[in-house]
Amino acid sequence: MKEVNVFTNGDSSRLSTWSNVPYFFTQSLLSNGIKVNRIDLSPSRQLQELFYRDFSQSIDKYSTFDYFRSQTHFDDVRRRIKAAVDQFPHSEANIFLTFSFSSAGLSGKPSIQFCDWTYDHYLKYMVGRKPDALEQGCIKREDSQIEGSDLVVSLFPSVTDYMKKRYKNENICYLGNVINSVCDVPGDQDLERKEKSNNILFVGSRKYHQGVLALLHAFHSVKQQLPELKLHIVGMSATDFGGLPKGTYCYGYLDKGNKADRELYYRLLREAKLFVNTTPKWGAFSATIEAMYHYVPVIVSPYSDFVKTFGSSINFGDYCKENTPGNIEESILRLFNDSDYNSMCSNAHNAVREYTWSNYIDKFIQKVETCFG
């Protein structure tokens, strides 16, 4: 490939867009000598305002349906896709970093989708309920885009299995996962400092509240035995909690595109002894494997995609079978007292060291060229 169109919900040149994925994806293509035409499919502010003015009362307060999921936005995006296809006639493929849209029926060039999970999977697995009428309409639109795509790539094995069962499209695949790190990993000389550290790191927004609340209770208890223990929470602010145990520090959202935020984030990783996020079903996979890449042992729940990726038994941390303060406390004390902590650090890094964007894009390009010549 020499030239491609990459469609994203947001500016793909910004690190802050979708957990850094569009930035790393497009930069890796550029590093392979491929010209990238960046097309931002962010919702039109004007259409969005009109939509909420006219239809906001029709949306149930418990629904996840919003303007992004609407027929209005779908039609607008399809128009913008057609315009982009016409604008870049030499592009050899249209790549969408979303499952919600494709160029099916708008271009003769291959339409490729790359994303984490579908809207239907999110509702049924993450939210744990059937979609409402408005959500179902969006799912049907998304289904049509997936079925019409020439190649569909998911970042997760369980999602790939689910999609293969749901769709007739035979070109649905999983190529592994990737680490979104903009900082070099520390050398072995830093492991001694990690071993002496008393810092626990939690990374996750408010949607991971089940995990952080259980951790806070466990942390309060563990401090009775390890009084120097500290808990650093990235992704939430102190105002998100009614009260915090002594030794807890909150930083809110840290933007890797901001130098000060980026330096703070990686300092916290370097100084962390453990990474903990035991939220059931999904424990911030991307942040977890980035911590592992930086030699940090992890305590996570055994959710399906993590187990499918790393196995039912791990030598770089601990599976917390239940998201309870007692279980988390047991895991923290076990790892803090492990006589072979340095090996856990090395095992964590080795488990994900091949998950670089360079390796991933090589596999992606090979898959595309195999499919389309």
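The values are calculated or read from the model by the stated rules, or taken from the named source; none is laboratory data. Here the structure is a predicted model, which is why all the values come from computation and not from measurement. For neighbour counting, all protein chains shown are included, and Cβ atoms are generated from backbone atoms with ideal geometry for every residue, glycine included. Just the protein is used for accessible areas: all its heavy atoms, side chains included, with ligands, DNA and RNA removed. Shrake-Rupley method; radii C 1.70, N 1.55, O 1.52, S 1.80 Å.
Observations, loosely collected:
- Boolean, LYS223 is buried (at least 16 other Cβ atoms within 10 Å of the Cβ), modelled with pLDDT under 95 and either over 17 Å from the mean Cα position of the chain (by Cα) or of a type in the set (Val, Ile, Thr) (or both): no
- Test for ASN171: is it of a type in the set (S, T, N, Q), open to solvent by 20 Å² or more (accessible area, probe 1.4 Å) and more than 22 Å from ASN277 (Cα to Cα): yes
- Of all residues in the stretch 98-141, those that are of a type in the set (Asp, Glu) and either surrounded by fewer than 17 Cβ atoms within 10 Å (Cβ to Cβ) or closer than 26 Å to ILE365 by Cβ (or both) total 2.
- LYS168 being modelled with pLDDT of 95 or more and in a helix (DSSP H, G or I): no
- Single condition LEU213 does not satisfy, out of (1) open to solvent by 10 Å² or more (accessible area, probe 1.4 Å); (2) of a type in the set (A, V, I, L, M, F, W, C); (3) in contact (Cβ under 8 Å) with a residue 24 or more places away in the chain: (3)
- Within the stretch 142-153, restricting attention to residues that are under 23 Å from GLY373 (Cβ atoms) and not aliphatic (A, V, I, L, M), the residue that is surrounded by the most Cβ atoms within 10 Å (Cβ to Cβ) is SER149.
- The criterion of being part of a loop (DSSP other than H, G, I, E, B) and open to solvent by less than 10 Å² (accessible area, probe 1.4 Å) does not hold for VAL276.
- Criterion applied to ALA291, ALA348, ALA287 was being aliphatic (A, V, I, L, M), open to solvent by 10 Å² or more (accessible area, probe 1.4 Å), farther than 21 Å from GLN225 by Cα and assigned to a helix (DSSP H, G or I), and the one residue passing it is ALA287.
- For the stretch 233-273, the set of residues classified as surrounded by 16 or more Cβ atoms within 10 Å (Cβ to Cβ), in a helix (DSSP H, G or I) and without any contact (Cβ under 8 Å) to a residue 24 or more places away in the chain consists of ASP261 only.
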